[in-house]
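Worksheet: the structure to be examined is printed underneath.
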Amino acid sequence: MTDLLATIYLYVKAFHVMAVLSWMAGLFYLPRLFVYHAERGMAGGEPTDSFAVMEEKLLRIIMRPAMIATWISGLMLVLTPGIVDWSMTWPWVKAACVIAMSGFHGWCAAQRRALAAGRSLSGRRYRMMNEVPTLLMVGIVLAVIVKF
């Protein structure tokens, strides 16, 4: 199995980058939709219905599969011999940030359900939460590239 992982390493790595890009695009955009939904769409009818459809499809069709693909390909990379040195700090930082990113994904899913039920945080709160994936991405990229 480890020979196979070593052989397909570059393909798995490329797939991982594509999956991460897709997941991150959704994580950046969904909270922005929440801002618009909270500020312009809580009265019912249009644009509320449009926001609800966009949020649900973004989460279900793009973000969830991209997160799953990110996790699967990431775990394949971790299992590839010679790729991760767990005695260093960087893989632990990356792992913590990825787990936090998955938690943020879960928070987004919960917010989508709350908005669909007519409950909302303020647009300002959603704007602040929109920065969370950026901060986690900075941690991940620095950890992986600098390998401290």
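Residues in the range 119-132: is at least one assigned to a helix (DSSP H, G or I), aliphatic (A, V, I, L, M) and buried (at least 17 other Cβ atoms within 10 Å of the Cβ)?
Quick first cut of the range 119-132, residues assigned to a helix (DSSP H, G or I) only: 123-129, 132.
Those still in the list that are aliphatic (A, V, I, L, M) too: 128-129, 132.
So of that shortlist, the ones also buried (at least 17 other Cβ atoms within 10 Å of the Cβ) come out as 129, 132.
The answer is yes, given that some residue of the range 119-132 is assigned to a helix (DSSP H, G or I), aliphatic (A, V, I, L, M) and buried (at least 17 other Cβ atoms within 10 Å of the Cβ).
Looking only at residues that are at pLDDT 95 or above and of a type in the set (S, T, N, Q) in the range 18-70, which one is nearest to VAL132 (Cα to Cα)?
The qualifying residue nearest to VAL132 (Cα to Cα) is SER22.
Give me the helices (runs of 4 or more DSSP H) completely within the range 1-111, filtered to those with at least 2 residues that are buried (at least 16 other Cβ atoms within 10 Å of the Cβ), ordered by residue number.
Once the helices (runs of 4 or more DSSP H) in the range 1-111 are filtered for at least 2 residues that are buried (at least 16 other Cβ atoms within 10 Å of the Cβ), what remains is 9-40, 48-57, 64-79.
Show the residue pairs that are 6+ apart or on different chains and have beta-carbon atoms under 8 Å apart, the first residue being within the range 1-25 and closer than 26 Å to MET54 by Cα, the second being modelled with pLDDT under 95 and not in a helix (DSSP H, G or I).
Pairs that qualify, where the first residue is closer than 26 Å to MET54 by Cα and the partner is modelled with pLDDT under 95 and not in a helix (DSSP H, G or I): there are none.
The values are calculated or read from the model by the stated rules, or taken from the named source; none is laboratory data. The structure displayed is predicted, hence computed values, not measured ones. As a convention, Cβ positions derive from the backbone with ideal geometry for all residues, glycine included, and neighbour counts pool all protein chains shown.
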